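First comes the structure, then the notes that go with it.
The values are calculated or read from the model by the stated rules, or taken from the named source; none is laboratory data. This is a predicted model, so every value here is computed, not measured. In this analysis, Cβ positions are derived from the backbone assuming ideal geometry, glycine residues included, and neighbour counts consider all displayed protein chains.
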Amino acid sequence: MKYSLHQLEVFLAVCRHQSITRAAEQLDLTQPAVSIQLKNFQDQFRFPLTETVAKQIYVTDFGHEVEEMATCILSEVEKLNAKALGNRNLLSGTLKISIVSTGKYVMPYFLSSFLRQYSGVELKMNVTNRTQVLTDLSDNVIDFALVSLPPSKIPVNEIPLLPNKLFLVGNDQLRLDTSEKSKEIFKRWPLILREPGSGTRTTIERFLERNRIIPGRKIELTSNEAVKQAVLAGIGFSIMPLIGIKNELADKSLHIVPYRGLQITTTWRFVWRKQKTHSEISKRLLEHIAGNRKAILKEHFSWQTKF
């Protein structure tokens, strides 16, 4: 047997995704490279590890046994690497996190001092939509995720980080009379929304349904930044996370529109799959966040208490 750790990583990625294409994407390799490594690994066993039916890869029962052992081997190798460094501050490896797009205003502040302390740790952070974050969690290709709404179909553990406050927001040209606080606001101007599946969109739709509000016109955009720019341009109003408009509120290019029942508050949650086997890096990060959360909130997010 002359299989390599790299071959084990390739085999596990193929098992996880049941796809050469997606395994290649995860590993930043070409599809032919993944196919070659998988074949070289499988050729060392008397029984097949995978089989292809109608262009779909399936892991055999024997393959699942090898998958379990390969997972244990790579876990032990990571522990060995940490031991070999011999110093907590020389911890090395890769930390994989997937966050929803608005989370880019949150997650870096919980990582910065950790990454400075452990300079050997590499970070791969996917900033994407909620649908992809949940897919990453479901496929178990990440260590952690950051969401504002907990997943309903994936059992997770979590650390609540901070409140996620949403307000009705407009630019100065669309400033309304302070006495106008009725549902007419939503009929006078377009309501700018994220795409279906977005955590912010889901929260807004729940609010509208709960308050029996039917907007006169909706405009749908696919990123929070696009929504913000549309509101700045005076296209309409939106219900936006406070965390993403700090500078615009400060320079008064955006303002919060008074409306009964708005603010909406959810929670930024740092989550991971239940029963997940944590690497040494992941364990240290959880310790870091739990131990420093209050200090981080005070230093970087205390401004939110004014709203």
Discussion item. Which count do you get for residues in the stretch 203-227 that are closer than 15 Å to residue 168 by Cα and polar (S, T, N, Q)?
Written reply: 3
Discussion item. For residue 105, only one of the following conditions fails: (1) closer than 26 Å to residue 145 by Cα; (2) at pLDDT below 90. What is its number?
Written reply: (2)
Fill in: Failed criterion for residue 275 (all others in (1) at pLDDT 90 or above; (2) in the same structural domain as residue 136 (by TED's automatic domain parsing) hold)
(1)
Worksheet item: Looking at 297, 254, 262, 286, which one is in contact with a His (Cβ under 9 Å, 6 or more places away or on another chain) and not basic (Lys, Arg)?
Response: 286
Discussion item. Looking at 65, 78, 25, 9, can you tell me which residue is more than 20 Å from residue 122 (Cα to Cα) and either in the same structural domain as residue 138 (by TED's automatic domain parsing) or of a type in the set (Asp, Glu) (or both)?
Written reply: 65
Worksheet entry | Evaluation of residue 124 against (1) assigned to a strand (DSSP E or B); (2) surrounded by 15 or more Cβ atoms within 10 Å (Cβ to Cβ) (one fails), failing number | (2)
Response to the item:
Counting only residues that are surrounded by 16 or more Cβ atoms within 10 Å (Cβ to Cβ), of a type outside the set (A, V, I, L, M) and more than 30 Å from residue 245 (Cβ to Cβ), the stretch 277-307 contains a total of 4
Worksheet item: Considering only residues of the stretch 160-190 that are small (Gly, Ala, Ser) and out of contact with any helix residue (DSSP H, G or I) (no Cβ under 8 Å at 6 or more places or on another chain), which is modelled with the highest pLDDT?
Response: 182
Worksheet item: Would it be correct to say that residue 16 is more than 21 Å from residue 283 (Cβ to Cβ) and not in a helix (DSSP H, G or I)?
Response: no
Worksheet item: Are any residues in the stretch 212-245 more than 21 Å from the chain's Cα centre (by Cα) and free of Cβ contacts under 8 Å to residues at least 40 places away in the same chain, and if so, which ones?
Response: 212, 213, 214, 215, 216, 217, 218, 219, 220, 229, 230
Worksheet item: Looking at the stretch 52-72, which of its residues are closer than 17 Å to residue 13 by Cβ and part of a helix (DSSP H, G or I)?
Response: 63, 64, 66, 67, 68, 69, 70, 71, 72
Response to the item:
In the set 158, 248, 209, 205, the lone residue that is without any contact (Cβ under 8 Å) to a residue 24 or more places away in the chain and under 22 Å from residue 106 (Cβ atoms) is 248
Discussion item. Name the single residue that is modelled with the lowest pLDDT among those in the stretch 42-100 being of a type in the set (D, E, K, R) and under 21 Å from residue 141 (Cβ atoms).
Written reply: 79
Worksheet entry | Count - residues of the stretch 199-212 that are at pLDDT 90 or above and either within 18 Å of residue 132 (Cα to Cα) or not charged (D, E, K, R) (or both) | 7
Practice prompt. Please work out if residue 110 is free of Cβ contacts under 8 Å to residues at least 40 places away in the same chain and of a type in the set (Phe, Trp, Tyr).
Written response: no
Worksheet item: Just one of the numbered conditions (1) more than 24 Å from residue 128 (Cα to Cα); (2) at pLDDT 95 or above; (3) not aromatic (Phe, Trp, Tyr) is not true of residue 286; which one?
Response: (1)
Practice prompt. Go through the stretch 249-271 residue by residue and tally those that are in contact with a strand residue (DSSP E or B) (Cβ under 9 Å, 6 or more places away or on another chain), at pLDDT below 95 and over 25 Å from residue 211 (Cβ atoms).
Written response: 1
